[in-house]
1. Quick one: Karplus J couplings for the stretch 252-258, per residue in order, coefficients 6.51, -1.76, 1.60, θ = phi - 60°, nearest Hz, x for Gly and Pro?
2. Dipole size in debye (nearest 20) for the chain around its Cα centre, Lys and Arg Cβ +1, Asp and Glu Cβ -1?
3. Using θ = phi - 60° and the Karplus relation 6.51 cos²θ - 1.76 cosθ + 1.60, list the HN-Hα couplings for the stretch 218-223 in order, rounded to whole Hz, with x at every Gly or Pro.
4. What are the extents of the Cα atoms of the chain along their three principal axes, in Å, largest first?
5. Scan around Val191 for amide H atoms under 5 Å from its own, H built in the peptide plane at 1.01 Å from N, and keep only partners 5 or more places away or cross-chain.
6. Through the Karplus equation 6.51 cos²θ - 1.76 cosθ + 1.60, θ set to phi - 60°, convert the phi angles of the stretch 38-54 into ³J(HN,Hα) values in whole Hz; use x for Gly and Pro.
7. Between Val295 and Leu111, what FRET efficiency follows from the Cβ-Cβ distance if R0 is 56 Å, with the result rounded to 0.05?
8. Take every Cα pair under 8 Å in the chain that's 6+ residues apart, average their separations, divide by the length, and report that relative contact order as a whole percent.
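The values are calculated or read from the model by the stated rules, or taken from the named source; none is laboratory data. This is a predicted model, so every value here is computed, not measured. Positions of Cβ are backbone-derived with ideal geometry, glycine not excepted, and every protein chain shown enters the neighbour counts. Quick note on the areas: whole protein, heavy atoms, side chains included, nothing else; ligands and nucleic acids left out. Shrake-Rupley method; radii C 1.70, N 1.55, O 1.52, S 1.80 Å.
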Amino acid sequence: MSTVADRVGSDPERLWGAGVLLALAALVVGTLVRPEVVYDGFIWHYFWGPVQADANSAVCAIRPGNTVQYLYDAQACANAAEPVAYPGYTLVSEVGYMLTLLVALIGVVFLLRRLDLGTDRRFFYALLPFVFFGGALRVVEDANDAGSAADALISYPLNTLVISPIIYFTVFAITLAAVVAAVAAVRADLVERYDRLLFGIGTAILVVTIGYLASLVVSGAEGVEFYPQVLVIVLVGATLAAAASWWLIERYAPAVNAGTGRIGFVVLWGHAVDGVANVVGLDWMTAIGAGPNLVPKHPVNQFVVDVTGAVLPASVLAVTGDTWPFLVLKLVAATFVLWVFEEEIFEESPRYTILLLVAVLAVGLGPGTRDMLRATFGV
């Protein structure tokens, strides 16, 4: 069978590097030649501007000339001249981040090949603490927003590192540094297995992050509480939901999980955490004595809540709440994804497959960890 290099007539790593450099050069040259179009109208408008607006808790940000101004009134934003950047995502930014993720994953595959790791499933488990860490780090920013502006825990511009989507690059950089450090330790004969050290590094970073959140409770920081019952209910509920889904798969459709094996259960559990955390946080906080119910942070959550509220009668919603279909949706979607990962995929491209499974886990467990800890710490 011919290799990728044979089919394309060149080294794929060089092609990847050349493509990345060409894209960066185009943005740099465009910014220098036509800054109003390339930087103001594209880079700032859709990518950096929304982060600046979010970091300053503004309704929007505008860019008159070469300056940035923050507006805190919706009508003023509507009347402002373009470009106007609102916190959050747009269709353009979502496509841009998706393409960036795909390019980054390909680059990581090349790096893992250079480091000669990532072909076994131990790599997946070693990265698990970093997925938790990403969600916990986002809660640090939630706690930052919960207090007054004068008592902000992290101020601008440092807080941009923990705001979506920049936080994904922050977590990626920390994880990549940990991977390289673990491999270097093995090659220096300091440890025997990179995966155990990598897991330990991730766990240590996670403990420090949660410890910081706990210190806010102890110090009585404004807007931060502690509801341990939320943590228990979410973890127990997610485990039961994932176990029930796993049993149904193994009993009635074992082919679904033939390729992923035990990794499949971890993926199901991660998405169950997201589902249960939303159900508890949006519907049951007051019922379990954990403060007021939270509000949806993601469009999908809001869509499910709106549809359920419109379809079910008020008498039923009073008992079940309107978020429970989100848990069902998460488990069904995760099961479908597991079915796609057949054994042949692992054999043909193990590194890329493992990374894709880590990404699948991250889009469930990452937001789930954030929602769970948001509810636990009342932010």
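1. 3J(HN,Hα) across the stretch 252-258, in whole Hz: 10, 8, x, 5, 4, 10, 5.
2. In total the dipole reaches around 520 debye.
3. 5, 7, x, 4, 5, x
4. The principal-axis extents, from largest down, are 62, 59, 45 Å.
5. Under 5 Å from the amide H of Val191: Val186.
6. 7, 7, 4, x, 10, 4, 6, 4, 9, 10, 7, x, x, 5, 4, 4, 5
7. Once rounded, the FRET efficiency stands at 0.90.
8. Value for the chain: 19 percent.
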